[in-house]
Amino acid sequence: MKNKILAVDDSFSVRKLVQFTLKSKGFQVGTAEDGQDALDKLQDDEYDAIVLDINMPHLDGLEFLKVIRSDSAFASIPVIMLTTEGQEEDKNKSLKLGASAYIVKPFKPTELLRLVESILN
């Protein structure tokens, strides 16, 4: 069975693009519209990786990352940040909190696929 990825972004169009990109390579993809929604989805299902935006309502990506890294049930799930925040400070903060990789929007679907495949291997 192919790996299951959770795409977390408050933008419907970005979620759909990530979902389409990953499904085109056979991945199963779940979606969440913010960090709180993503936490709920993690309680209900198992995911092999997460693609995560930073700027979202209710629970932003950095807070979500802190929460899952402090929970042994989710701490080892690889997280790829996919965000408009291109500043080095945001990238460093994300990586320090435990993100596996960082991509700035707009992104190339091939770049996302390459990263997802590399962190899962």
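Derivation of every value follows stated rules applied to the coordinates shown; laboratory data play no part. Small disclaimer: the values here were computed from a predicted structure and weren't measured. Neighbour counts are summed over all protein chains in view; Cβ atoms, including those assigned to glycine, are modelled from backbone coordinates with ideal geometry.
Some points to look at:
- Simple point charges give the picture: +1 on the Cβ of Lys and Arg, -1 on the Cβ of Asp and Glu, and for the chain a dipole about the Cα centre of about 560 debye.
- Within a Gaussian network of the chain (alpha carbon springs, distance under 10 Å), most fluctuating of Leu62, Leu39, Leu52: Leu39
- Cross-link table Lys25/Lys91; Lys16/Lys105; Lys16/Lys93, entries beyond 23 Å C-alpha to C-alpha: Lys25/Lys91; Lys16/Lys93
- Relative contact order, percent, the chain [alpha-carbon distance under 8 Å, six or more residues apart]: 22 percent
- Label zone at Lys96 (point 7 Å along Cα-to-Cβ), backbone N below 14 Å, the stretch 53-85: 62-63, 66
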